[in-house]
1. Across region 291-319, what is the number of residues that are open to solvent by 20 Å² or more (accessible area, probe 1.4 Å) and more than 11 Å from the ligand (Cβ to nearest atom)?
2. Could you tell me whether Arg89 is modelled with pLDDT of 95 or more and charged (D, E, K, R)?
3. Search region 229-254 for residues being under 21 Å from Met94 (Cβ atoms) and open to solvent by less than 80 Å² (accessible area, probe 1.4 Å), and hand back the single one that is farthest from the ligand (Cβ to nearest atom).
4. Kindly provide the set of residues from region 175-185 that are closer than 19 Å to Trp53 by Cα and either open to solvent by 10 Å² or more (accessible area, probe 1.4 Å) or part of a helix (DSSP H, G or I) (or both), ordered by number.
5. Which condition number in (1) without any contact (Cβ under 8 Å) to a residue 12 or more places away in the chain; (2) part of a helix (DSSP H, G or I) is the one that Ala136 fails?
6. Consider only pairs whose beta carbons are under 7 Å apart and that are at least six residues apart or on different chains; among these, list those whose first residue lies in region 189-205 and is of a type outside the set (Asp, Glu) and whose second residue is open to solvent by 20 Å² or more (accessible area, probe 1.4 Å) and not in a loop (DSSP other than H, G, I, E, B).
7. Just to check your reading of the model, which residue among Ala200, Ala226, Ala208 is among the aliphatic types (A, V, I, L, M) and either within 9 Å of the ligand (Cβ to nearest atom) or under 13 Å from Trp340 (Cβ atoms) (or both)?
8. Go through region 282-311 and report how many residues are touching a strand residue (DSSP E or B) at 6+ places or on another chain (Cβ under 7 Å), within 16 Å of Pro268 (Cα to Cα) and part of a helix (DSSP H, G or I).
Amino acid sequence: MTAAAGKGLEGVVASRTSLSFIDGLEGVLVYRGYNIHELAPNASFPEGVFLLWTGRLPTRSELDAFEAKLAARRGLDPRTLEALMSLPRDTVPMAALRTGISIEGLYDPDAEDNSAEANERKAVRLVARTPTLIAAIHRIRQGLEPLSPDPSLSLSADFVRMANGEPGTSEAVDALDRTLLLYLDHGFNASTFACRVIAATLGDMHSAVTGGVGALKGSLHGGANAKAMHTLLEIGELENVGPWLERAFAEKRKIMGFGHRVYKTEDPRATHLREMSRVLTQQAGLAKFYEMSRELEDQMISQKGINPNVDFYCATVYYALGIPIDLYTPLFAMGRMGGWTAHVMEQHADNRLIRPRAEYVGEVDLRWVAIGDR
Ligand code: ACO
């Protein structure tokens, strides 16, 4: 038998995709041919989703129609809301989101249909409803009534309104929307790969993306944006960065928001989030967290040669926007839902079961011992 791939499948090219491309040595990320540096300052999140799903940028009227379609499908099934209300009050938002998406799958009219047309309809509902789900989860845990969507608002603006009970400023909504675009897709990352494995069994789209939420929840993946903020709060002050890091290294702790399996240089998403963090923390009177982040970044690079990833500066962007820390990873899921659904559609369009082998390292010739003789 051939030797196993490297631990964690490092460097393995598992399949083909035309959705996004990463050059980890050069720090390049491309969605459907467009470099992220072209898209980040220009595209809205729905525009990025349209691009990912169709392979081209929408015209004005196509984008308007696409946004209207998303807006019209934002409302949750009332039975999903009922189920969310019955969850224990201390359910962590990512677990509630995983459950909520799974429940939406129970009532989806296309639940068991994997045709391209049904997948497209489900993808629209999933991208449209994830913000509504997250906002409802946030309201319910505070003992508040979930708010109904307002289709006259953009997806990001309506999320802010449904979560907070009042509209956000246009700057805050734009910043949130840009983070969603930056989180949209990223090759065969762990959660997307999980989605594709499920889709490749001919599992349905809700099953696949429920698995994706589960994979994203972990702190080595999407959970890192919340952990990064907790790190900064634990450090507390700029002058504590050095001693804190020294202790963390001595304890062999992983510094959350740093390092990446594919990027060996600057994560191009971090380039945008760093600048957003600088501006937004200053506006919010929280510049010290940006300064601490810069110091931590400088020390991580000079001492370990490890760069920040997408999650590091996103943490202070969300902090400056006043978003509760345990909603950071659900927001990552809100953006990545566009990518997960695109990958399920791509997988179903040209499917083969994903079923690797394992290199067995156990014994093979043991003899049976009767239970009384063990
Ligand atoms: N802090 C400290 N040391 C690190 C870090 C880090 N964040 N990341 C990597 N290293 C070190 C490791 O200790 C290891 O050192 P060693 O060779 O001396 O043992 C070396 O760099 C290689 O690290 P691995 O963990 O083997 O790298 P891997 O590719 O398996 O892991 C990962 C990548 C999981 C992202 C890792 O860098 C990590 O744990 N980072 C922190 C969590 C995080 O930010 N995750 C979000 C990633 S981006 C995303 O998913 C959206």
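The values are calculated or read from the model by the stated rules, or taken from the named source; none is laboratory data. For clarity, every value in this text was computed on a predicted model and none was experimentally measured. Using ideal geometry, Cβ is built from the backbone for each residue, glycine included, and neighbour counts are taken over all protein chains shown. The protein model used for the area step is the full one, side chains on, heavy atoms only, and it has no ligands, DNA or RNA in it. Shrake-Rupley method; radii C 1.70, N 1.55, O 1.52, S 1.80 Å.
1. Of the residues in that region, 8 qualify.
2. Taking the combined requirement at face value, the residue does not satisfy it.
3. By that ranking, first place goes to Leu233.
4. Initial filter on region 175-185 (closer than 19 Å to Trp53 by Cα): 177-185.
Correct list: Asp177, Arg178, Thr179, Leu180, Leu181, Leu182, Tyr183.
5. Status for Ala136: all satisfied but (1).
6. Ala190/Ala215; Ser191/Ala215; Ala194/Gly211; Ala194/Ala215; Cys195/Gly211; Ile198/Ser207; Ile198/Gly211; Ala199/His348
7. Numbers: Ala200 fails: either within 9 Å of the ligand (Cβ to nearest atom) or under 13 Å from Trp340 (Cβ atoms) (or both); Ala226 fails: either within 9 Å of the ligand (Cβ to nearest atom) or under 13 Å from Trp340 (Cβ atoms) (or both).
Every option except Ala208 fails the conditions.
8. 1
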